[in-house]
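Asker: This structure is in structure tokens; I'll ask about it shortly.
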Amino acid sequence: MTTRTSSAQRLSIPSEIGVLGAVIALFIFFSLASPFFFNPSNLTNLGRQTVLLAVTAFAMTFIILSGEIDLSVGSVVSLISIFVAMALRDSGSIALAVLIGVGSGVLIGTINGVITVIGRVPSFITTLGMFSAARGIALAITNAVAIPILNDDYLFLFQDARPLGIAVSVIYAVVLFAVLHFLLTRTRFGISVYAVGGNAKAARLSGIGVRRVKIEVFALAGAIIGFAAILQIARLGSASPEVARNLELDAIAAVVLGGTSFTGGRGSLIRTVFGVLLIGILNNGMNLMNIDSYFQFIIKGAIIVLAVLLDRWTRGRSG
Amino acid sequence: MQGFLDWKPLHHSSFERKTFMTTPLVALERISKSFPGVKALDEVSFEVLPGEVHVLMGENGAGKSTLMKILSGAYQPDSGTIYIDGQPTAITDPLHANQLGIAMIYQELTLLDNLDVGRNVLLGQEPTRGALIDWRALYAQAADTLHALGLDIDPHAPLDALNMGERQMVEIARAARRASRVIVMDEPTSSLTKSEEETLFALIERLKARGLGIIYISHRMDEVFRVADWITVLRDGRHIETRPASAFTRPELIALMVGREIDTAVKRTDGAIGQVILEARGLRLGRRVRDVSLCLRAGEVVGLAGLVGAGRTQAAEILFGATQPDAGTILLDGKPVHFASPADAIRAGIAYVPDDRKGAGLVLTLPVSTNLILAALERVANAGVLSIRAIRETVAAWTQRLNIRAASPRMNIELLSGGNQQKVVLAKWLSRQPRVLILNEPTRGIDVGAKAEVHALIREIAAQGVAVLMISSELPEILSVSDRIVVMAAGRVTGEMPARDATEEDVLALAFADELIMEHSV
Ligand SMILES: Nc1ncnc2c1ncn2[C@@H]1O[C@H](COP(=O)(O)OP(=O)(O)OP(=O)(O)O)[C@@H](O)[C@H]1O
Ligand SMILES: [Mg+2]
């Protein structure tokens, strides 16, 4: 009989190890299957490709933990990237462009939040509307023509710089992760997000402003999405109203793959990182192996469902 | 493999069960079950005979619910055997248990909020006509079941229109429909008042007469001695004693459960009663609260009694800002105040321990420690950043003070036993050191020893000058802990009295007073 928990249980590693195991297995598999996978330039590339998904999935984690959903992230990334590109083109000021990117993200997120919370429209519907509207606005503003990014300083700052030999966008993603992880686990706001998503009634009776927290979550997610757009146009060298299609689905998949509960209140950003790595490695590896893109969709879909099945199954067993 | 020398009699006591004549309906033999960090059951044996009420007693966390979840197929034992009519049987899941005629009333209600009463009662047993559900038959059958129990609940009523006591009765009705062999009742009366209890006891008699076996778990001594034929005591996951109920005395039973002798009498220290802190005048809310005026004084414990549905919870929620009244005023220190939300009331120094711990008291997805500090986040944070040390200290202090048994404060609250969860809800609010403490069924599901400690704590808090309002369905608790008793019936305050020389009859007369009022007002 043991009366003390092991440190592994206290850190709740067992339930996360499943996804991490899958990540490592996939990494080893592609290293063996493709001669191009495990080399520095591909790994840098993998990192850069995955940053957009990672940052978006961070935003999605907050939304899902609070018991909501956001289907508009892909469209909003494309819309904000247009705003940023236009600000950069017309003013030449990187600071202004960044401010506009993050600011418009906060604004759009707040709109989603207010309609959902104050207007009592399910977030699935609110953000489905935003999904359609944001893409429409992006197409209308640009006439469906991409805007090139010609500002070298901007490109250097958000894409080309390689401090310590690491792609700068990856560093931004890591720093963002650290900040958000702290926010989620070590602040009143973070605890409130979990409480609101886990049991809104109990949260309210505990004196937590449920509506306020939810609107703040949407606003925060918007800011993060704005930052994703800033990184994205630097990587592509242009802002296009067509980018980031299906991004919302990949982001939701990454969060759920990590094991964060779809009904809210249970999960973590660390889990999301594992989910992101799984999808990122899968995308990169399949491209290297020249797998037909139709098949890529099929394989990805199957792996997502299988991984979650496996996770539920092992967790069901253990407790 | 068990060797010959390991053999032990099922019950190591001098009282012989009548198992020679009758095969037990179900027998659990040497069941063990461990969870991470705790051995919940250690070779426990237990059985129930036809027409018998076998009560299972033990402290919070002793393993009672775990044993019953094994019987109902919700958990699989690590070792041990279940016999059904003498045949070893593996119960694979709750549905299988249902098919074997075993039904369970879980400690935490399992009704579906989004369905109405009728659909809940017949969930999974809906009558069909061809491929379609026969709705008329469904509601007719539900009405029959409810009626047979003497319940005045509309099968079409949405579940969220019901209060805790009514929900509990629906849960009981559902289980009674399903049981054909054994019915397990895990603290069925924790939200019931006297008159619903009577309904339940009448039901138990009828089930006994039909030859069913009843396993009954409760921390309420009075009702245990009233319904029990046999009593089995568990302690720390081990079988301690099995005897006919008549062979136990109350102190003996408590001592066996706790492992030492304890005194459960409440010591009322007559501290000075001070100024009125919180006052309510003419509160009204729909049909539930028709006219409630109350005042709460520093240093005084006011017991709020009444039947289920009397409007006590709604009145408390209005005082706490959780519900907005249609009419009425609330005064704090003599000045009118408006609480737009619980946050406002909390800032004004009011705390509210709700009765529905699963739905309103706890966030089940979070750990014990987070739940415990959830109502006092600003106390453990600096500029919004949580202090791990402050959290650890608060949690350690209160788990010790209320003897909360958790393998680790980081474990999920859902995995705690019911009574220990309730203690966390209490700690969550007591740690705020409020000026006004509103308690709704504070000792719901708490064992006898801990209950005495909670009662002492309530008196101690009042002695420090806190105004306490305690809603309770347990009359002995109301009578022994309060200074003053206020009784509500059908949404109105029907009277109040000093607790000193009040009797159960006095309180009940007022609790049933609405019937008189009704007759006069019609
Ligand atoms: N699923 C689980 N995972 C981990 N621990 C558990 C789980 N279920 C129960 N436990 C632990 O097992 C022990 C026994 O719990 P159980 O619920 O059986 O107690 P109980 O006798 O019903 O108590 P109460 O009177 O408070 O309802 C407790 O320490 C509890 O924390
Ligand atoms: Mg229990």
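The values are calculated or read from the model by the stated rules, or taken from the named source; none is laboratory data. These figures come from a predicted structure and were not determined experimentally. Don't worry about glycine lacking a Cβ; one is built from the backbone with ideal geometry, like all the others, and counts go over all protein chains shown. Surface areas here come from the heavy atoms of the whole protein model, side chains and all, with no ligands, DNA or RNA. Shrake-Rupley method; radii C 1.70, N 1.55, O 1.52, S 1.80 Å.
Asker: Can we say B:L426 is touching a Phe, Trp or Tyr at 6+ places or on another chain (Cβ under 9 Å), more than 9 Å from chain A (Cβ to nearest Cβ), within 13 Å of A:S206 (Cβ to Cβ) and within 16 Å of ligand 1 (Cβ to nearest atom)? Show your work before the answer.
Answerer: Numbers: touching a Phe, Trp or Tyr at 6+ places or on another chain (Cβ under 9 Å): yes; more than 9 Å from chain A (Cβ to nearest Cβ): yes; within 13 Å of A:S206 (Cβ to Cβ): no; within 16 Å of ligand 1 (Cβ to nearest atom): yes.
Considered against the rule, which asks whether it is touching a Phe, Trp or Tyr at 6+ places or on another chain (Cβ under 9 Å), more than 9 Å from chain A (Cβ to nearest Cβ), within 13 Å of A:S206 (Cβ to Cβ) and within 16 Å of ligand 1 (Cβ to nearest atom), B:L426 comes out as no.
Asker: Further question on the same structure: Exactly one of (1) in contact (Cβ under 8 Å) with a residue 12 or more places away in the chain; (2) more than 18 Å from B:R243 (Cα to Cα); (3) open to solvent by 20 Å² or more (accessible area, probe 1.4 Å); (4) away from ligand 2 (no atom under 16 Å from the Cβ) is unmet by B:Q87. Its number?
Answerer: (1)
Asker: Here's a check for you: in the range B:323-337, which residue that is outside any strand (DSSP E or B) and surrounded by 10 or more Cβ atoms within 10 Å (Cβ to Cβ) is farthest from the chain's Cα centre (by Cα)?
Answerer: Looking only at the range B:323-337, we keep the residues that are outside any strand (DSSP E or B), and these are B:323-326, B:333-334.
Those left that are additionally surrounded by 10 or more Cβ atoms within 10 Å (Cβ to Cβ): B:323-326, B:333.
Values: B:T323: 23, B:Q324: 27, B:P325: 27, B:D326: 30, B:D333: 34 Å.
Residue satisfying both the conditions and the ranking: B:D333.
Asker: Right, here's the next one. In the range B:46-63, which residue that is open to solvent by 10 Å² or more (accessible area, probe 1.4 Å) and more than 15 Å from ligand 2 (Cβ to nearest atom) is farthest from the other protein chains (Cβ to nearest Cβ)? Full working, then the answer.
Answerer: Within the range B:46-63, the subset open to solvent by 10 Å² or more (accessible area, probe 1.4 Å) is B:50-51, B:59, B:61.
From what is left, the residues that are more than 15 Å from ligand 2 (Cβ to nearest atom) are B:50-51.
Details: B:P50: 35, B:G51: 37 Å.
Result: B:G51.
Asker: If A:F189 meets every condition in (1) within 8 Å of chain B (Cβ to nearest Cβ); (2) of a type in the set (A, V, I, L, M, F, W, C); (3) touching a helix residue (DSSP H, G or I) at 6+ places or on another chain (Cβ under 6 Å) apart from one, which number is that one?
Answerer: If we test A:F189 against (1) within 8 Å of chain B (Cβ to nearest Cβ); (2) of a type in the set (A, V, I, L, M, F, W, C); (3) touching a helix residue (DSSP H, G or I) at 6+ places or on another chain (Cβ under 6 Å), just (3) comes out false.
Asker: Quick one: would you say B:A245 is more than 16 Å from ligand 1 (Cβ to nearest atom) and in contact with a strand residue (DSSP E or B) (Cβ under 7 Å, 6 or more places away or on another chain)?
Answerer: In short, yes.
Asker: I would also like to ask the following. Can you confirm whether the range B:347-365 contains a residue that is over 19 Å from B:L430 (Cα atoms), open to solvent by 40 Å² or more (accessible area, probe 1.4 Å) and not in a helix (DSSP H, G or I)?
Answerer: First pass over the range B:347-365, keeping only residues over 19 Å from B:L430 (Cα atoms): B:359, B:364-365.
Checking the rest, the ones that are also open to solvent by 40 Å² or more (accessible area, probe 1.4 Å) come to none.
So far as the range B:347-365 goes, no, none of its residues is over 19 Å from B:L430 (Cα atoms), open to solvent by 40 Å² or more (accessible area, probe 1.4 Å) and not in a helix (DSSP H, G or I).
Asker: Is there a residue being of a type in the set (V, I, T) and open to solvent by less than 60 Å² (accessible area, probe 1.4 Å) anywhere in the range A:122-130?
Answerer: Initially, the range A:122-130 is screened for residues of a type in the set (V, I, T), giving A:125-127.
Checking the rest, the ones that are also open to solvent by less than 60 Å² (accessible area, probe 1.4 Å) come to A:126-127.
Within the range A:122-130 (the criterion being of a type in the set (V, I, T) and open to solvent by less than 60 Å² (accessible area, probe 1.4 Å)), the answer is yes, since at least one residue qualifies.
Asker: Something else: Let me spell it out: the conditions are (1) more than 14 Å from chain A (Cβ to nearest Cβ); (2) more than 16 Å from ligand 1 (Cβ to nearest atom); (3) of a type outside the set (D, E), and B:V454 meets all of them except one. Which number is the exception?
Answerer: Among (1) more than 14 Å from chain A (Cβ to nearest Cβ); (2) more than 16 Å from ligand 1 (Cβ to nearest atom); (3) of a type outside the set (D, E), the lone unmet condition for B:V454 is (2).
Asker: I'd like to know if the range B:46-62 contains one or more residues that are at pLDDT below 95, more than 13 Å from ligand 1 (Cβ to nearest atom) and polar (S, T, N, Q).
Answerer: no
Asker: Return yes when A:K214 is more than 14 Å from chain B (Cβ to nearest Cβ), of a type in the set (D, E, K, R) and either under 24 Å from A:V102 (Cβ atoms) or over 18 Å from the mean Cα position of the chain (by Cα) (or both) and no when it is not.
Answerer: On the way: more than 14 Å from chain B (Cβ to nearest Cβ): yes; of a type in the set (D, E, K, R): yes; either under 24 Å from A:V102 (Cβ atoms) or over 18 Å from the mean Cα position of the chain (by Cα) (or both): yes.
The answer is yes for A:K214.
Asker: So which of B:E378, B:E414, B:E393 ends up being away from chain A (no Cβ under 13 Å) and farther than 30 Å from B:S482 by Cα? Lay out the reasoning, then the answer.
Answerer: On the way: B:E378 fails: away from chain A (no Cβ under 13 Å); B:E414 fails: away from chain A (no Cβ under 13 Å).
So the residue among B:E378, B:E414, B:E393 that is away from chain A (no Cβ under 13 Å) and farther than 30 Å from B:S482 by Cα is B:E393.
Asker: Taking B:V121 and the conditions (1) free of Cβ contacts under 8 Å to residues at least 40 places away in the same chain; (2) open to solvent by less than 40 Å² (accessible area, probe 1.4 Å); (3) away from ligand 1 (no atom under 16 Å from the Cβ), which numbered condition does it fall short on, given that it satisfies the others?
Answerer: Unmet condition: (1).
Asker: Does the range B:297-304 contain at least one residue that is open to solvent by less than 20 Å² (accessible area, probe 1.4 Å), acidic (D, E) and in contact (Cβ under 8 Å) with a residue 24 or more places away in the chain?
Answerer: yes
Asker: Let me ask something else about it. So which residues in the range A:183-234 are β-branched (V, I, T), within 27 Å of B:F339 (Cβ to Cβ), in contact with a strand residue (DSSP E or B) (Cβ under 9 Å, 6 or more places away or on another chain) and in a helix (DSSP H, G or I)? So that I can check it myself, show each step before the final result.
Answerer: Residues of the range A:183-234 that are β-branched (V, I, T), as a first pass: A:185, A:187, A:191, A:193, A:196, A:208, A:210, A:213, A:215, A:217, A:224-225, A:230, A:233.
After this cut, where a residue has to be within 27 Å of B:F339 (Cβ to Cβ) as well, the list is A:187, A:191, A:193, A:196, A:208, A:210, A:213, A:215, A:217.
In the following step, the residues that additionally are in contact with a strand residue (DSSP E or B) (Cβ under 9 Å, 6 or more places away or on another chain) were identified as A:187, A:191.
Selection gives A:I191 alone.
Asker: Could you identify the single residue in B:R379, B:R432, B:R357 that is away from ligand 2 (no atom under 16 Å from the Cβ), under 24 Å from the mean Cα position of the chain (by Cα) and modelled with pLDDT under 95?
Answerer: Details: B:R379 fails: under 24 Å from the mean Cα position of the chain (by Cα); B:R357 fails: away from ligand 2 (no atom under 16 Å from the Cβ).
Answer to the check: B:R432.
Asker: Continuing with this model, one more query. Looking at the range B:381-390, which of the residues that are within 10 Å of another protein chain (Cβ to nearest Cβ), on the phi < 0 side of the Ramachandran plot and of a type in the set (G, A, S) is least open to solvent (accessible area, probe 1.4 Å)?
Answerer: B:A381
Asker: Could you please find all residues in the range B:212-244 being among the polar types (S, T, N, Q) and either at pLDDT 95 or above or part of a strand (DSSP E or B) (or both)? Give the steps one after another, and end with the answer.
Answerer: Filtering the range B:212-244 down to residues among the polar types (S, T, N, Q) leaves B:218, B:232, B:242.
The answer is B:T232, B:T242.
Asker: Mind telling me which of the residues B:E441, B:E460 ends up being under 20 Å from B:I346 (Cα atoms), away from chain A (no Cβ under 14 Å) and of a type outside the set (A, V, I, L, M, F, W, C)?
Answerer: Working: B:E460 fails: under 20 Å from B:I346 (Cα atoms).
Only one candidate passes the filter, namely B:E441.
Asker: Hey, among B:E453, B:E441, B:E460, B:E474, which residue is within 13 Å of the chain's Cα centre (by Cα), open to solvent by 10 Å² or more (accessible area, probe 1.4 Å) and away from ligand 2 (no atom under 16 Å from the Cβ)?
Answerer: Details: B:E453 fails: within 13 Å of the chain's Cα centre (by Cα); B:E441 fails: away from ligand 2 (no atom under 16 Å from the Cβ); B:E460 fails: within 13 Å of the chain's Cα centre (by Cα).
Exactly one of B:E453, B:E441, B:E460, B:E474 is within 13 Å of the chain's Cα centre (by Cα), open to solvent by 10 Å² or more (accessible area, probe 1.4 Å) and away from ligand 2 (no atom under 16 Å from the Cβ), namely B:E474.
Asker: Is one or more of the residues making up the range B:69-82 open to solvent by less than 10 Å² (accessible area, probe 1.4 Å), free of Cβ contacts under 8 Å to residues at least 60 places away in the same chain and in a loop (DSSP other than H, G, I, E, B)?
Answerer: Taking every residue of the range B:69-82 in turn, at least one turns out to be open to solvent by less than 10 Å² (accessible area, probe 1.4 Å), free of Cβ contacts under 8 Å to residues at least 60 places away in the same chain and in a loop (DSSP other than H, G, I, E, B).
Asker: Still on this model: Can you pull out the residues in the range B:38-68 that are over 26 Å from B:T443 (Cα atoms) and of a type outside the set (D, E, K, R)? Reasoning before the result, please.
Answerer: Filtering the range B:38-68 for residues over 26 Å from B:T443 (Cα atoms) gives B:42-52.
Matches in the range B:38-68: B:V44, B:S45, B:F46, B:V48, B:L49, B:P50, B:G51.
Matching residues to (1) under 23 Å from B:I31 (Cβ atoms); (2) open to solvent by less than 10 Å² (accessible area, probe 1.4 Å):
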| position | (1), (2) |
| --- | --- |
| B:R206 | no, no |
| B:L212 | yes, yes |
| B:D222 | no, no |
| B:R226 | no, no |
| B:G259 | yes, no |
| B:A272 | no, no |
| B:G286 | no, no |
| B:V289 | no, yes |
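Asker: In the set B:P336, B:P409, B:P325, B:P354, which member is more than 13 Å from chain A (Cβ to nearest Cβ) and either free of Cβ contacts under 8 Å to residues at least 12 places away in the same chain or under 30 Å from B:V38 (Cβ atoms) (or both)? Can you show your working first?
Answerer: Details: B:P409 fails: more than 13 Å from chain A (Cβ to nearest Cβ); B:P325 fails: either free of Cβ contacts under 8 Å to residues at least 12 places away in the same chain or under 30 Å from B:V38 (Cβ atoms) (or both); B:P354 fails: more than 13 Å from chain A (Cβ to nearest Cβ).
Testing whether each residue is more than 13 Å from chain A (Cβ to nearest Cβ) and either free of Cβ contacts under 8 Å to residues at least 12 places away in the same chain or under 30 Å from B:V38 (Cβ atoms) (or both) leaves just B:P336.
Asker: OK, next. Which count do you get for residues in the range B:104-118 that are more than 16 Å from ligand 1 (Cβ to nearest atom) and in contact with a helix residue (DSSP H, G or I) (Cβ under 7 Å, 6 or more places away or on another chain)?
Answerer: Within the range B:104-118, the subset more than 16 Å from ligand 1 (Cβ to nearest atom) is B:111-118.
Cutting the leftovers down to in contact with a helix residue (DSSP H, G or I) (Cβ under 7 Å, 6 or more places away or on another chain) gives us B:111-113, B:115-118.
Counting residues in the range B:104-118 that are more than 16 Å from ligand 1 (Cβ to nearest atom) and in contact with a helix residue (DSSP H, G or I) (Cβ under 7 Å, 6 or more places away or on another chain) gives 7.
Asker: Considering only residues that are open to solvent by 80 Å² or more (accessible area, probe 1.4 Å) and part of a strand (DSSP E or B), look in the range B:274-284 and name the one that is nearest to B:R484 (Cα to Cα).
Answerer: Residues of the range B:274-284 that are open to solvent by 80 Å² or more (accessible area, probe 1.4 Å), as a first pass: B:275, B:281, B:284.
Now narrow it down to the ones that are part of a strand (DSSP E or B): B:281, B:284.
On the way: B:R281: 18, B:R284: 23 Å.
Step by step, filter the range B:274-284, then rank; the result is B:R281.
Asker: May I pose another question? Being of a type in the set (A, V, I, L, M, F, W, C), surrounded by fewer than 19 Cβ atoms within 10 Å (Cβ to Cβ) and more than 14 Å from every other protein chain (Cβ to nearest Cβ) narrows it down to one of A:I224, A:I230, A:I298, so name that one. So that I can check it myself, show each step before the final result.
Answerer: Numbers: A:I224 fails: surrounded by fewer than 19 Cβ atoms within 10 Å (Cβ to Cβ); A:I230 fails: surrounded by fewer than 19 Cβ atoms within 10 Å (Cβ to Cβ).
From the options A:I224, A:I230, A:I298, the qualifying one is A:I298.
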